[in-house]
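Please treat every number below as a calculation from the coordinates, not as lab data. What you are looking at is a predicted structure, and each value in this text was computed from that prediction instead of being measured. Please note: Cβ atoms are built from the backbone with ideal geometry, for glycine as well, and neighbour counts cover all protein chains shown.
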Amino acid sequence: MGNFKRDLSRSCLWGEYLLIFVCVGSREYQFNRLLKEIDRLIEKGQITDEVFGQIGQSDYIPKNFEYTNFLSNKEFKNMQQQSNLIISHGGTGALISSLKMGKQVISVPRLEKYNEHIDNHQLQISQVLTDQGYLLQVLNIKDLINKIIEIDKNPINKNFKSNSKILDIILEYIERINK
């Protein structure tokens, strides 16, 4: 866990205490771009609620929020359940499991041009879920705060359900290997 602690605040989001869970996955790629922006937004006072990050293989060390590199499957699900808002990389497992829990989700897909992944498949997954109205997507990292404000003012109330047999098979497989 990171060693930074700060006073917890009350959020205007949903009128209650808010925990923002930032998850970047466990692949061998860094996701410094997202972590730096979260740190910057906290430092500027634009995010005032508790943030906890699962930072994976990133080499950027957050200064303004608690973090750990990795979580067990049980710990990860627990963080999802405790969170009011999940800011996630565009990995299928993290996005779908968050949506199935009925969480508010902002997806920031890892992009090849920043050496965050080998291709842009996370962009495609995230775009489909955005187009279907299940989550908000951030392509330009400077738009993250605007998406946080947008989801605050207009929470997504669409229950997740898959219309794809292929997606259902993938989700069942992910759930089986994560038990």
Normalised by the number of residues in the stretch 16-112, what is the relative contact order in percent for Cα pairs under 8 Å and 6+ residues apart?
32
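Cross-link list 113/158; 36/158; 103/161; 103/147: which exceed 20 angstrom alpha carbon to alpha carbon?
Over 20 Å Cα-Cα: 113/158; 36/158.
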Could you work out how much longer the chain between residue 74 and residue 143 gets when fully extended? Use 0.36 nm per residue separation minus the Cα distance between them, nm to one decimal.
21.7 nm
Sticking with the crude label model, points 7 Å out along Cα→Cβ, report the distance from residue 153 to residue 113 in nm, one decimal please.
2.7
For residue 28 and residue 124, compute 0.36 nm times the residue count separating them, minus their Cα-Cα distance, and round to one decimal in nm.
32.6 nm
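For the stretch 13-177, what relative contact order do you get, as a whole percent, if you take Cα pairs closer than 8 Å and at least 6 residues apart? Mind dumping the intermediate values first?
Details: 260 pairs, mean separation 34.2, N = 165.
Taking the mean separation of contacting Cα pairs over the length of the stretch 13-177, I get 21 percent.
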